[in-house]
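Below you'll find the structure, written out as structure tokens, and then a few comments.
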Amino acid sequence: PEANIQVYAVWFNMVPNDACQRVDLNLIPDPGTTQLWDEQRLAGRFFAENEGFNFGQIAYDVYYLYGTGAEWDLNPAPLVSSEYTILGKKNQLRDDINGLLGQ
């Protein structure tokens, strides 16, 4: 369905076989999703420091869902939900997105 949302998938290496050329972009088939490779894992470091989950130095396999009108000043806000693992919590993510969209 049509929705006014922005989706960013940030990929980086965390386990031995992770590599840019091995990312399966079909895992997120929505053509409106911006998919990025983060060689230095900067996004993972940022979210580990700023958005919780006790990952140590790098957050990975997590989604962060921000509300309408979210802005990135020092930290993005408002945070609606976040969960670990993405595939394990996909139903929660769907429900939270539907809640934002009023469905």
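Summed over region 4-26, the residues that are modelled with pLDDT of 90 or more and within 13 Å of the chain's Cα centre (by Cα) give a count of 6. Restricting the search to strands (runs of 3 or more DSSP E) fully inside region 1-82 and requiring at least 2 residues that are farther than 19 Å from Leu100 by Cβ gives 7-11, 33-37.
The values are calculated or read from the model by the stated rules, or taken from the named source; none is laboratory data. No experiment lies behind these values; they were computed from the predicted model shown. Don't worry about glycine lacking a Cβ; one is built from the backbone with ideal geometry, like all the others, and counts go over all protein chains shown.
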